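Input: a single structure, listed below in structure tokens.
The values are calculated or read from the model by the stated rules, or taken from the named source; none is laboratory data. Predicted model only: the values in this text are computed from it and were never measured. Neighbour counts are summed over all protein chains in view; Cβ atoms, including those assigned to glycine, are modelled from backbone coordinates with ideal geometry. Quick note on the areas: whole protein, heavy atoms, side chains included, nothing else; ligands and nucleic acids left out. Shrake-Rupley method; radii C 1.70, N 1.55, O 1.52, S 1.80 Å.
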Amino acid sequence: MRITQGCFSFLPDLDDVQIAKQVEYCLENGWAIGIEHTDDPHPRNTYWEMWGNPMFDLRDAKGVMMELDDCRKLHGDDYIRLCAFEDERGIESVKMSFIVNRPAKEPRITMTRSDYVDRAQKYAWQVNR
Amino acid sequence: MSLDLEQSVTNDTTKSDETTGDEINSPVQADEATSTAQAVDLASEYESSGVADVLAELDRDLIGLAPVKQRIRETAALLLVDRARRALGLSHQTPTLHMSFSGNPGTGKTTVALKMADLLYRLGYVRKGHLVSVTRDDLVGQYIGHTAPKTKEVLKKAMGGVLFIDEAYYLYKPDNERDYGQEAIEILLQVMENNRDDLVVIMAGYADKMDMFFRANPGFRSRIAHHIEFPDYSGEELMGISERMLAEQNYLLDEGAKQALSAYIELRRRQPHFANARSIRNALDRARLRQANRLFSQAKGPLSGQALSTISAADIRASRVFQGGLDVDRNQSGDGQ
């Protein structure tokens, strides 16, 4: 099941040239790029692992692409995303984030339903690995 | 100077026209040639790429350094021709552009590196054209496992531009085999080889120490294509430099001060720790300090702009250099001789 999150969700996966161009766009705007990875793509899982510190002061996308390659070598079977952080006062948060790597065999997200007090029902999403 | 280049450019044009004729007839190159231009006008390339501007700026802004300017002009011509060859599909490899600048302190190595970054950017050999200036401290860590991330961090910042390593020989400390500098050197060598498209490394430092460094690390010597030597400035050149520095700050020297300064330069050159233009800049800063002090203590009534911006002989003659330099230096030079 193809899991989508963040920017470009409705597009096919970006190739490296396209990723580099997006990174270039982020750098032009002065955003810091962070690389994060996880094996749990649940939408409520906001705590992805950081691959090193976010990269401030870069001028060229190549620096990010080098780190991304290193991350892919070690976590090729994880989801990897790039986050672009804007430090502008009043914003100070991630402006853009998109998935750049996904496992060969992706987990399924299924729905479970459980009974609750007074015959109420609760729904939950679960990642089945 | 610039006439020389025009000359060499026109020569190159004729040369590349000949080769173009041959290449178009050969079937192997046909597909390459069709997609691109079939002839290149080097002179117009030279103008439109902005290289002419950079070289003119170099001539205008930097006093002296004739051999350096000559080498840069040659390098620019080489790169221009190489770019033209690539446009015609005659060559595909990125030429090795890593350089070493050797010369005494204060001879303008950093300034030239900045210009070089601009030049490479205008010719399209680096994508961004910024200069990241580092020393050993920025590359080498303090404990095991600290060096590689630190070096990589710097390299990432330098991607798409020029990495300027000042006093590069401090990376290598032969007396300590467990020095982490070696690790930084290995990473640097690898990146210099694999990421030739992405960044240009310029190493700078004293001539003799650089020679020792390259002898101990033959990997660097073979990866560095251009060795540029920076000569010391002559007395007149230093005089010109100091006048330019003062003019930038709207100061001027009166006649007596000019003589005092040229006497100062002669004396200062012979004393230890002489750092060419940098020493002169410091001397001028101190002269401005003395001038301010003099105006403050002696002036009676309002001062004209002329008085506020004139440095007189007394401001320069008060320097310790005229008394034979610092005590420490006197002892040292006495010991040395």
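Quick check: residue separation of B:H273 and B:E255 times 0.36 nm, minus the Cα distance between them. What number comes out in nm? Present the calculation step by step, with values, prior to reporting the outcome.
Working: separation 18, 0.36 × 18 = 6.48 nm, distance 2.80 nm.
Extra length from B:H273 to B:E255 when fully extended: 3.7 nm.
May I ask you to list the trypsin sites (Lys or Arg not before Pro) in segment B:121-191 that are in a DSSP loop and have at most 16 other Cβ atoms within 10 Å of their Cβ? Walk me through the numbers on the way to the answer.
Working: sites: B:R122, B:R127, B:K128, B:R136, B:K150, B:K152, B:K156, B:K157, B:R178; in loops: B:R127, B:K128, B:R178.
Taking segment B:121-191 and a limit of 16 other Cβ atoms within 10 Å, the loop trypsin sites (Lys or Arg not before Pro) found are B:R178.
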For peptide B:209-220, what's the mean number of Cβ atoms from other chains within 10 Å of each residue's Cβ? 0
Could you pull the accessible area for B:L289 with a 1.4 Å probe, rounded to 10 Å²? 130
If r is the Cβ-Cβ distance from B:R320 to B:D59 and R0 is 30 Å, what FRET efficiency results, to the nearest 0.05? 0.25
Multiply the residue gap between B:E193 and B:A299 by 0.36 nm, knock off their C-alpha separation, and tell me the result in nm, one decimal place. 31.8 nm
Starting from the eigenvalues of the Cα gyration tensor, five times each then square-rooted, give me the equivalent ellipsoid semi-axes of the protein assembly as shown, largest first, whole Å. 53, 33, 23
Segment A:16-128: spread of alpha-carbon positions along the three principal axes, whole Å, largest first, is 59, 37, 22
For segment A:16-128, the per residue accessible area (1.4 Å probe, Å²) is 62
Over chain A, what is the relative contact order in percent, taking alpha-carbon pairs closer than 8 angstrom and at least six residues apart? 26
Computed from the beta carbon distance with a Förster radius of 51 Å, FRET efficiency for B:A39 and B:D208 to the nearest 0.05 stands at 0.60
In nm, spacing of pseudo-spin labels at B:N176 and A:A120 (7 Å Cα→C-beta vector): 6.7
In the full protein assembly as shown, how much of A:I91 is accessible to a 1.4 Å probe, in Å² to the nearest 10? 70
Between A:S9 and B:H146, how many nm apart are label points set 7 Å from Cα along the C-beta direction? 4.4
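Net charge near A:A124, counting Lys/Arg +1 and Asp/Glu -1 over other residues with Cβ under 12 Å of its Cβ? Before the final figure, lay out the partial values.
Working: positive: A:R44, A:R113, A:K122; negative: none.
Every neighbour counted, the sum reads +3.
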Contact-by-burial set, segment B:150-188, min loss 10 Å², accessible area of protein heavy atoms with 1.4 Å probe, reference chain alone, gives B:K152, B:E153, B:K156, B:K157, B:M159
Could you tell me the distance between the Cα centroids of segment B:244-296 and segment A:54-72, to the nearest Å? 46
Ignoring ligands and nucleic acids, chains B and A bury, in total, an accessible area (1.4 Å probe) to the nearest 100 Å² of about 1100
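Hand me the GluC sites (Glu not before Pro) from segment A:48-100 located in a DSSP loop with no more than 15 other Cβ atoms within 10 Å, in residue order please. Don't skip to the end; give the middle numbers.
Numbers: sites: A:E49, A:E67, A:E86, A:E88, A:E92; in loops: A:E88, A:E92.
Qualifying residues, ordered by number: A:E88, A:E92.
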